[in-house]
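Worksheet for the structure shown next.
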Amino acid sequence: MGITICAKHGRVPFVETCGHVAQQIEQRTAPTGRQLTILGHLFVCDACFEQLGFDRFASLAEMPFEDAIDVDDGRWQLYDSAYDRLEGRTTFCLDCFRDLSPNRDP
Ligand SMILES: [Zn+2]
Ligand SMILES: [Zn+2]
């Protein structure tokens, strides 16, 4: 899992978002979208989730990592290409992100 340094929280895990969610966070509004934990925390808006076909590999997020890493049916390739096409990818401190979305548990 990725670690980042936050001015407020110190050394913490980070969440990676698409540019649209990043904008919501920068405006200090609670982000809306879908959260996935695949190789780290990912949070994308509904439009990116649908356009990039996240539903085709979202099941990886539901598996224990030791099992997911052995998956060999193309889902990792789909993940890689969707991740690469995610526009304006930005990382945020996970604690700051949680401060903005109190009802979520990424
Ligand atoms: Zn988006
Ligand atoms: Zn922070």
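Considering all different alpha carbon pairs of region 3-100, the Kirkwood hydrodynamic radius works out to 14.0 Å. Label positions at Lys8 and Asp99, each projected 7 Å from the Cα along the C-beta direction, are separated by 0.1 nm. Electrostatic tally near Trp76: other residues with Cβ closer than 13 Å to its Cβ, Lys and Arg +1, Asp and Glu -1, net -4. The calculated 222 nm mean residue ellipticity attributable to helices in the chain amounts to -8500 deg cm²/dmol, summing -39500 (n - 2.57) over DSSP H runs of n ≥ 4 and dividing by all residues.
So if R0 is 30 Å, what FRET efficiency would Thr29 and Asp84 give, r being the distance between their Cβ atoms, rounded to the nearest 0.05? The pair Thr29/Asp84 has a calculated efficiency of 0.65.
To the nearest 10 degrees, how steep is helix 75-85 against the longest Cα principal axis of the chain, on a 0 to 90 scale? Taking Cα atoms only, the helix is inclined about 40 degrees.
Computed from the coordinates by the stated procedures, all read-outs in this text should not be read as laboratory data. In this text the structure is predicted, and so the values were computed from the model without any measurement. As a convention, Cβ positions derive from the backbone with ideal geometry for all residues, glycine included, and neighbour counts pool all protein chains shown.
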